[in-house]
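Below is one structure, written out as structure tokens, with a few remarks after it.
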Amino acid sequence: MRAASRIQTARTCRQPRRSGAVFLEFIVAMPILFFAFLAIFEFSFAMIAVDTSTTAVVQGAREGAFGYATGVVLNNNGVGPGPGAGTDPTGNDDIADQVALLMDKYLDVINVEIRQTGVNDDPAKPNAYVLITHGGVTVERGDTTLACTHSTGLVVPQPSEIVVTLCYPLVDSTNPMGVGNPVPDWLASVGFSLATYRFETTSRALLE
């Protein structure tokens, strides 16, 4: 009985030391775990943005290809009236407008907008830029200050094709840490920033 009491006493005496070691390990591991989870969430936002934007470009190209089958012109420079004229003075009655409007619906999921002429800009949403090309004619929609750099000139459409290119910054410079961005720049505090990165991709479709 005395031997058992001594063992129990020894275990009881060592317990505070082990608790202190566990607490110290937790303090050391906590920052690593925190930034690991932060990275997982940030890159999840990035994957959602890339997937959604890619879908928007593909569907935009298909919409443009379908538009030629209806006899609508690629760009009428805002001459209306037409469908949507009640909210947009330009009428949104050409192929470029319809492509931008369709893509805008997809991009709304990641809080990005393609600003159309005559439509009020939403300051809470970062703007995107769309380049539409067919038959040697190039039409722009959205924020032209974000002109695409990598895809321009690399994709030459055939006469039977329409090419749509989308680009926008992954991080909103006006609110880099906000969750309303396409991708929040949470890892900038540890030296890994996405502020200089842009999404840019191109899709082409055969005219219908």
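Observations on the structure shown:
- Meets criteria (within 30 Å of residue 40 (Cα to Cα), assigned to a loop (DSSP other than H, G, I, E, B) and at pLDDT 90 or above) for residue 176: no
- Residue pairs whose Cβ atoms lie under 9 Å apart, sitting 6 or more positions apart in sequence or on different chains, and linking a residue in region 127-146 that is touching a residue at least 24 places away in the same chain (Cβ under 8 Å) and of a type in the set (Lys, Arg) to a partner that is surrounded by 15 or more Cβ atoms within 10 Å (Cβ to Cβ) and in a strand (DSSP E or B), are 141/129; 141/130; 141/131; 141/132.
- Taking residues in region 104-115 that are modelled with pLDDT of 90 or more, and partners anywhere that are aromatic (Phe, Trp, Tyr), the pairs with Cβ atoms closer than 8 Å and at least 6 places apart or on different chains are 112/168.
Quick grid of which residues meet (1) under 20 Å from the mean Cα position of the chain (by Cα); (2) of a type outside the set (Gly, Ala, Ser); (3) not in a strand (DSSP E or B):
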position: 140; (1), (2), (3): yes, yes, no
position: 159; (1), (2), (3): no, yes, yes
position: 168; (1), (2), (3): yes, yes, no
position: 172; (1), (2), (3): yes, yes, yes
position: 187; (1), (2), (3): yes, yes, yes
position: 194; (1), (2), (3): yes, yes, yes
position: 201; (1), (2), (3): yes, yes, no
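The values are calculated or read from the model by the stated rules, or taken from the named source; none is laboratory data. Note that the structure is a prediction, hence the values are computed from the model and not measured. Note that we place each Cβ from the backbone using ideal geometry, even for glycine, and neighbour counts take in every protein chain shown.
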